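Notes for the one structure printed next.
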Amino acid sequence: MQARNKLKLAFGKIDFESGVLDFNCTDYYEPEMGNGLKRKFVSFSKLIPMSELYRIKLYANRLESKFLNASSRLINIDPGYLDKAKLILASTKDYAHRIYLHKGIFAEVALTYRGNSFFPNDWSYPDYRSKEYIDIFNQIRALYAP
């Protein structure tokens, strides 16, 4: 809740908030954060310029560092942006399908909108391939592109 409030202070009014979702498609974070992880998606009514994504990821990294248990993170914030054609996620990790933005931050097209829905790409994470996640991003897109 504290991190959510800090995000609201930084980015303004929340216009969409998903329910709590099980984060169980990977065990990548378990050594650091334990098991039984949960996830939520939020979007903000104030739209951002695409060029600001790297700054938002850097802010998210700083915010995560304020919520530590010893040296382990208690939260993981993965910012991105959604437009009519795609969902872009920011990352500090480089891979062949990611584009360098600035200051150690990369971007990837996680989902692509075609016809009347988002669709995963070959490299999309398993959870982002799920109907549940795609439905969430279709709902968010409908707020901006009715």
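Data for the structure
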{"item": "Restricting segment 1-110 to trypsin sites (Lys or Arg not before Pro) in coil, as DSSP defines it, with at most 12 other Cβ within 10 Å", "result": "Lys13, Lys40, Lys46, Lys66, Lys84, Lys93, Lys103"}
{"item": "Nitroxide proxy distance, nm - points 7 Å out along Cα→Cβ at Thr92 and Ser72", "result": "1.8 nm"}
{"item": "The chain, relative contact order [Cα under 8 Å, separation at least 6], %", "result": "16 percent"}
{"item": "Selection of chymotrypsin sites (Phe, Trp or Tyr not before Pro), segment 69-146, meeting DSSP coil and at most 10 other Cβ within 10 Å", "result": "Tyr95"}
{"item": "For segment 2-144, alpha-carbon Rg over 2.2 N^0.38 Å", "result": "1.03"}
{"item": "FRET efficiency estimate (nearest 0.05) - Cβ-Cβ, Tyr100 to Asp22, R0 41 angstrom", "result": "0.80"}
{"item": "Built amide H within the under 5 Å cut-off of Phe23, gap 5+", "result": "Leu37, Lys38, Arg39"}
{"item": "Spin-label model distance (nm) - Asp127 vs Ser51, 7 Å beyond Cα toward Cβ", "result": "3.2 nm"}
{"item": "Full-extension gain in nm, Tyr144 to Lys8, via 0.36 nm per residue minus C-alpha separation", "result": "47.1 nm"}
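Laboratory data are not the source of any read-out in this text; all were calculated from the coordinates shown. Since the model is a prediction, treat every value here as computed from it, not as a measurement. Quick reminder, even Gly has a Cβ in these numbers, built from the backbone with ideal geometry, and neighbours come from all protein chains shown.
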